[in-house]
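K.L.:
One structure, as structure tokens, below. Some questions next.
The values are calculated or read from the model by the stated rules, or taken from the named source; none is laboratory data. Note that the structure is predicted; figures quoted are calculated from it, not measured. Using ideal geometry, Cβ is built from the backbone for each residue, glycine included, and neighbour counts are taken over all protein chains shown.
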Amino acid sequence: MAGNYDFQWSVVLDHWPVLLAGAWIDLWVSIVGFVLACSLGLVFALGRRSGFALISGAAATLTEIARGIPPYVMLLWVHFGLSRFLGLGFTPLQSVVIVLAFTGAGYAAEIFRSGLDSVDSGQFEASRALGMSRFCVYKDVILPQSLRLIVAPLGNVLVGLLKSATLMGVIAVPDMLHLAQGINMNYFAPFEAFTAVLVVFVAMVFTLSLLIVAIERMMEHP
């Protein structure tokens, strides 16, 4: 007993498998959202370098919109507003992935753009002079060099998406935080339930950070 609080760690231990299942939902949704965010972000970054004012302007506008909208607001808009407006009936998980992909794409686009800009423009011109198509120049010359510089920043995007994924509980996705709230409501064990969530999230972020560092080292010394 501390500060007149009766600890109930047995409640967490009894529900540990359920909490880990919720953590798995957080993790895989974040990874799917991250992959889509990187793909969309690369499209935005290349669009800004297209040389066509309409395309570059649209890409820049979408990038700023993606960065400017709070994930919580966009989640409510996508799931309750856009889904109904379009008549598509997004599932909660689909809504979460859409939000993570779009909001993450705004940050990924700026990272890709910085990475692409870091490669000397002379390499692009020399490759084009050799008869390579723009696609091949980016695929074989520009992107491989820029990826070495953007692994760590993209890793930060993944960690940020993992944190944002905890918002999915507001639309009833049974992620770890949502399940912990249920445990607290049933057993009134807020300290234990949310401490467990904190510990698991720190462990996941730490593991992802180690993985990112390992990938970064592999790319520095192929």
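K.L.:
Just one of the numbered conditions (1) within 30 Å of ASP6 (Cβ to Cβ); (2) surrounded by 12 or more Cβ atoms within 10 Å (Cβ to Cβ) is not true of ILE215; which one?
P.N.:
Condition (1) is where ILE215 drops out.
K.L.:
Now for a different question. Can you pull out the helices (runs of 4 or more DSSP H) entirely within region 133-222 that have at least 1 residues that are touching a residue at least 40 places away in the same chain (Cβ under 8 Å), in contact with a Gly (Cβ under 7 Å, 6 or more places away or on another chain) and within 16 Å of PHE112 (Cα to Cα)?
P.N.:
Numbers: elements: 134-137, 143-164, 176-187, 190-220.
Once the helices (runs of 4 or more DSSP H) in region 133-222 are filtered for at least 1 residues that are touching a residue at least 40 places away in the same chain (Cβ under 8 Å), in contact with a Gly (Cβ under 7 Å, 6 or more places away or on another chain) and within 16 Å of PHE112 (Cα to Cα), what remains is 143-164.
K.L.:
Being under 30 Å from TRP24 (Cβ atoms), at pLDDT below 95, crowded, with 19+ Cβ neighbours inside 10 Å and out of contact with any Cys (no Cβ under 9 Å at 6 or more places or on another chain) is true for just one of LEU147, LEU116, LEU88, LEU167. Which residue is that? Steps first, please.
P.N.:
Details: LEU147 fails: crowded, with 19+ Cβ neighbours inside 10 Å; LEU116 fails: under 30 Å from TRP24 (Cβ atoms); LEU88 fails: crowded, with 19+ Cβ neighbours inside 10 Å.
Sole residue among the options that is under 30 Å from TRP24 (Cβ atoms), at pLDDT below 95, crowded, with 19+ Cβ neighbours inside 10 Å and out of contact with any Cys (no Cβ under 9 Å at 6 or more places or on another chain): LEU167.
K.L.:
When region 1-46 is examined, which residues are found to be polar (S, T, N, Q), surrounded by 15 or more Cβ atoms within 10 Å (Cβ to Cβ) and part of a helix (DSSP H, G or I)?
P.N.:
Residue satisfying the conditions is SER30 alone.
For (1) in contact with a helix residue (DSSP H, G or I) (Cβ under 8 Å, 6 or more places away or on another chain); (2) part of a helix (DSSP H, G or I); (3) touching a residue at least 60 places away in the same chain (Cβ under 8 Å); (4) farther than 24 Å from ASP175 by Cα, each residue gets a yes or a no:
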{"position": "ALA58", "(1), (2), (3), (4)": "yes, yes, no, yes"}
{"position": "LEU62", "(1), (2), (3), (4)": "yes, yes, no, yes"}
{"position": "TYR72", "(1), (2), (3), (4)": "yes, yes, yes, no"}
{"position": "ARG84", "(1), (2), (3), (4)": "no, yes, no, no"}
{"position": "ILE98", "(1), (2), (3), (4)": "yes, yes, no, no"}
{"position": "THR103", "(1), (2), (3), (4)": "yes, yes, yes, no"}
{"position": "ASP117", "(1), (2), (3), (4)": "no, yes, no, yes"}
{"position": "GLN123", "(1), (2), (3), (4)": "yes, yes, no, yes"}
{"position": "ARG128", "(1), (2), (3), (4)": "yes, yes, no, yes"}
